[in-house]
1. Within the stretch 169-195, which residues are free of Cβ contacts under 8 Å to residues at least 12 places away in the same chain and either hydroxyl-bearing (S, T, Y) or buried (at least 20 other Cβ atoms within 10 Å of the Cβ) (or both)?
2. With open to solvent by 70 Å² or more (accessible area, probe 1.4 Å) and over 23 Å from N152 (Cβ atoms) as the only criterion, which of N273, N242 stands out?
3. Give me a count of the residues in the stretch 104-117 that are open to solvent by 20 Å² or more (accessible area, probe 1.4 Å), of a type outside the set (A, V, I, L, M, F, W, C) and in contact with a Lys or Arg (Cβ under 9 Å, 6 or more places away or on another chain).
4. Taking the stretch 150-168, which residues are surrounded by fewer than 17 Cβ atoms within 10 Å (Cβ to Cβ) and polar (S, T, N, Q)?
5. Consider L147 carefully, then state whether it is part of a helix (DSSP H, G or I), open to solvent by less than 60 Å² (accessible area, probe 1.4 Å) and more than 25 Å from E213 (Cα to Cα).
6. Could you tell me whether T248 is open to solvent by 10 Å² or more (accessible area, probe 1.4 Å) and either under 24 Å from K270 (Cα atoms) or part of a loop (DSSP other than H, G, I, E, B) (or both)?
7. When only residues in the stretch 92-103 that are open to solvent by 80 Å² or more (accessible area, probe 1.4 Å) and under 22 Å from E127 (Cβ atoms) count, which is modelled with the highest pLDDT?
8. How many of the residues in the stretch 91-119 are of a type outside the set (A, V, I, L, M), in contact with an Asp or Glu (Cβ under 9 Å, 6 or more places away or on another chain) and more than 25 Å from C194 (Cβ to Cβ)?
Amino acid sequence: MGELLKEERIKKGLTQKQFADGIVSVSYYSKVEKNEHRITAEDLITILDPLCSFFKELSLKSNFQHEDKIDLEDKVMDAYYHSDKILLEKIIQDLEKSSSTDKTDDILIVKGWLESLKEDEEEPDIEVRNALKDRVFNIPDLNKEKLTLFCNFMDFYDLDSNVMIDRKAINKFISSNETEIQEVLLAMLANLLCLSIKEDNYNYVEYLVTSSEKLPLKPQFFFYKDMICFYKYLSSYHFNHNKDDLNTCLTIISNVKLAGMSEYGSELEKFLNTHI
C-alpha cells in the first residue's frame, strides 16, 4: 500500500505535505509510505482523487503476487514428486535473492520439502524440522492451514504424535463436505499409512483405511486414493503373502510411472521391496 501511494504522489508531482495536507500529519504520512503506519479507509479516500486507477493497480499487484505464489508452489511440488533436490536448492537460492516479503517463510517450506527427500542415513537438519513443527504448533485452530502444513511434514514427527493429530482431524472433519478439507484428510491418511508400515507398526492400518473409505472419490483425490490402496494391499501382503496383493501394488507403481511420475514410482518400488 505505501509503495503504491508513493508512486501515485510522484505521478502527480506532489510533495508529501501537498499530498496529505489537512488529512494526516506529514510525519505520519511519511511512515505510511514506508509501511510503518496504516492509514484509514476514510483518509485514503480523501487523499486519492480519482480512486479508480489506484485501486485497479493495487488489485493487479495483489493478483500478480497470488499468481507468483501459485507458480512457486507448482514448481516446488513438481520438484518434490520428481525427487529433484537440485531444483529445490535452486528455488531456495532464487528466493534468497528475491525481495518478496514472504521469502523467509517460503524458504523454510522449500527447505522442508528438501528435508523430506533425505534418505534415512542422511543427517537431518533438526533446526529446519523444529522450525516447521513450531509453525504448525503456533496455528491456534485445527483448520485447513494447520492440517496442510502438518500433512506436508508428518515425517518430522514420531508415530504416536502423528496418530494423535490424525485422530483429532478425522473426528472433527470426517463428515465435512468441503473438498479441500477432504483432500487434506486423504493425504494425511496416506502419509500415516506409509509411516506406520515404515516403522513396522500395523496396528492402525485398518482404522486408517476404513476412515479413508468414508471420504468420496473425486477426480482430484485419485492420487491419494491410489496411494492408500497401495499401502492397504502392501499391509495385506505382510500378513497373508497373497501374490494378488503384491501384484496390485506392482500395478499401482506401474500406473504412477506411466502417469509421468517415474521418480516417485521408483521410490514406491524401493519402499515395496523394503517391506515385503
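The values are calculated or read from the model by the stated rules, or taken from the named source; none is laboratory data. Being a predicted model, the structure only gives us computed values, none of them experimental. Don't worry about glycine lacking a Cβ; one is built from the backbone with ideal geometry, like all the others, and counts go over all protein chains shown. We work out accessible area using only protein heavy atoms, side chains counted, and drop any ligands, DNA or RNA first. Shrake-Rupley method; radii C 1.70, N 1.55, O 1.52, S 1.80 Å.
1. Across the stretch 169-195, the qualifying residues are S175, S176.
2. Going through N273, N242 in turn, the sole match is N273.
3. Adding up the residues that qualify gives 2.
4. S161, the sole residue that qualifies.
5. Answer is no for this residue.
6. The answer is yes for T248.
7. Q93
8. Adding up the residues that qualify gives 3.
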